[in-house]
Amino acid sequence: MTQVKCEVKGVFVAIGDAATVPLVVLTDGNERVLPIFIGIWEAVSINSAQIKEVLPRPFTHDLFIDLCAKFSITMRYLQIDSIEDGVYYAQLVMSSGQKEEYLDCRPSDGIALALRGDVPIFVEECVLATAGQKTSELPDMVDLSTFLHK
């Protein structure tokens, strides 16, 4: 299995006739992008982390980061390792002392945490081969911040 390091290209809202849906777009740094449709609150959390917005009260993802710091748990990386029937699966790799643990998580939560913890995001090559697209193939979309301020 080959893992490809990816970055968050942005958080957007796909605008369509049937629905308006938030999504996060990952990029492998080349022409390939991976759109992942997510919930609105996860989109807001990822967007806040991406722009390094500090809120007066912590989001749940901020609380998780603080908890890990207080108990000497290190977040190592996020790996998005499979897609089944359009559902992505991910694991957050954590360590404490010499022990390493893989925590099952939704990719959206993992991305929000990875950005806050400044840890890398990896996507299995087979996931990119299955669900990756070119930017030109993405649906019509608008940046989340622009959408929320309309």
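FYI, it's all coordinate maths here, none of it is from the lab. All of these numbers come straight from a predicted model, not from anything done at the bench. Cβ placement follows ideal geometry from the backbone for every residue including glycine, while neighbour counts extend to all protein chains displayed.
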Practice item. Compute the longest continuous run of the chain that contains no exposed GluC sites (Glu not before Pro); treat a site as exposed when its DSSP state is not H, G, I, E or B and it has at most 16 other Cβ atoms within 10 Å. Key: 54-150
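At a Förster distance of 22 Å, what's the computed FRET efficiency of Trp41 paired with Ala14, Cβ-Cβ distance as r, to 0.05?
Approximately 0.85, to the nearest 0.05.
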Study note, to complete from the structure: CD proxy, 222 nm, the chain: helix-only mean residue ellipticity via -39,500 (n - 2.57) per DSSP H run with n ≥ 4, per residue, nearest 500, stands at -8500 deg cm²/dmol
Review point. Whole number please: convex hull volume per residue of the Cα set in segment 48-97, in Å³?
Key: 108 Å³
Study note, to complete from the structure: So, over other residues within a Cβ distance under 12 Å of Trp41, counting Lys, Arg +1 and Asp, Glu -1, the net charge is -1
Check your understanding: How are the C-alpha pair distances of segment 3-148 spread across 10 Å bins, as whole percents from the shortest bin up?
Key -> 11, 42, 35, 11, 1, 0
Practice item. Only Cα pairs under 8 Å and at least 6 apart count here; give the relative contact order of the chain as a rounded whole percent. Key: 32 percent
Revision key, fill the gap. Between the modelled labels at Gln133 and Asp85 (7 Å from Cα along Cα→Cβ) the distance in nm is 2.2 nm
Practice item. With 21 Å as the limit, write out which pairs from Lys9/Lys134; Lys5/Lys70; Lys9/Lys99; Lys5/Lys134 have Cα-Cα distances beyond it, or answer none. Key: Lys5/Lys70; Lys9/Lys99
Point to revise | Cα centre as origin, Lys/Arg/Asp/Glu Cβ charges: segment 3-148 dipole, Debye | key: 500 debye
Point to revise | DSSP-assigned coil residues among trypsin sites (Lys or Arg not before Pro) in segment 1-65, each with at most 13 further Cβ atoms within 10 Å | key: Lys52
Review point. If Lys and Arg each add +1 and Asp and Glu each add -1, what is the summed charge of the other residues whose beta carbon sits under 15 Å from the beta carbon of Ile80?
Key: -4
